[in-house]
Amino acid sequence: MKNLINKTLISRAGLEALCLRVPIGLILSAHGSQKLFAWFGGYGLEGTGQWMDSVGLSPGFVMALLAGSAEFFGGIALMLGLLTRPAAAISAITMLIALLCVHWGNGFFLTTQGIEYALALLSATTALIFMGGGRFSVDRYLTALAGGKDHE
């Protein structure tokens, strides 16, 4: 069990992980807050749920809750570097579903609601799965508290 925890938390990354985690986490949490709380011009759970139903992601309310929670809470976790790999994995799965189920038929570019944006977020979150939280993360602090090694 300790080995699994160490493999989840320990990372050799340095500043590059922080430079990737913070903006990606901010973007994800902002989009999640639109879905969950109707912040920043979003439609909240009810409106997002209706839209998700209309594009075939049913039940829409539950899908809006799942996607919004993955983005909002996962984004906050990424910004902090808290359980970075699991947060990145959940976010990557969410982006893969968005890419395949919502954006795939719309071409590549963002201007036509294509895959461009979801692909960029999928790529960044996938990189964070492999990279981990890095030196400047809560993960590193938790590892130190648990008496773990400084790097892999």
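Can you say whether GLN34 is assigned to a helix (DSSP H, G or I), farther than 19 Å from ALA118 by Cα, at pLDDT 95 or above and polar (S, T, N, Q), as far as the supplied structure shows?
No.
Tell me whether region 63-70 contains one or more residues that are in a helix (DSSP H, G or I), under 30 Å from THR143 (Cα atoms), at pLDDT below 95 and among the hydroxyl-bearing types (Ser, Thr, Tyr).
no
For (1) of a type in the set (Gly, Ala, Ser); (2) free of Cβ contacts under 8 Å to residues at least 60 places away in the same chain; (3) surrounded by 21 or more Cβ atoms within 10 Å (Cβ to Cβ), each residue gets a yes or a no:
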{"residue": "PRO86", "(1), (2), (3)": "no, no, no"}
{"residue": "ILE93", "(1), (2), (3)": "no, yes, no"}
{"residue": "CYS101", "(1), (2), (3)": "no, yes, no"}
{"residue": "GLY105", "(1), (2), (3)": "yes, yes, no"}
{"residue": "THR112", "(1), (2), (3)": "no, yes, no"}
{"residue": "GLU116", "(1), (2), (3)": "no, yes, no"}
{"residue": "ALA124", "(1), (2), (3)": "yes, no, yes"}
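Conditions (1) acidic (Asp, Glu); (2) within 15 Å of MET79 (Cα to Cα); (3) free of Cβ contacts under 8 Å to residues at least 60 places away in the same chain; (4) surrounded by 21 or more Cβ atoms within 10 Å (Cβ to Cβ), marked per residue:
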{"position": "LEU18", "(1), (2), (3), (4)": "no, yes, no, no"}
{"position": "LYS35", "(1), (2), (3), (4)": "no, no, yes, yes"}
{"position": "GLU46", "(1), (2), (3), (4)": "yes, no, yes, no"}
{"position": "MET52", "(1), (2), (3), (4)": "no, no, yes, yes"}
{"position": "LEU57", "(1), (2), (3), (4)": "no, no, yes, no"}
{"position": "VAL62", "(1), (2), (3), (4)": "no, no, yes, no"}
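Which condition does SER29 not pass, out of (1) assigned to a loop (DSSP other than H, G, I, E, B); (2) crowded, with 16+ Cβ neighbours inside 10 Å, if it passes all the others?
Result: SER29 passes all but (1).
Suppose we filter region 64-81 for residues that are surrounded by fewer than 21 Cβ atoms within 10 Å (Cβ to Cβ) and over 11 Å from the mean Cα position of the chain (by Cα); how many remain?
3
The values are calculated or read from the model by the stated rules, or taken from the named source; none is laboratory data. This one's a predicted model, so the numbers in the text were calculated from it and none came from an experiment. Don't worry about glycine lacking a Cβ; one is built from the backbone with ideal geometry, like all the others, and counts go over all protein chains shown.
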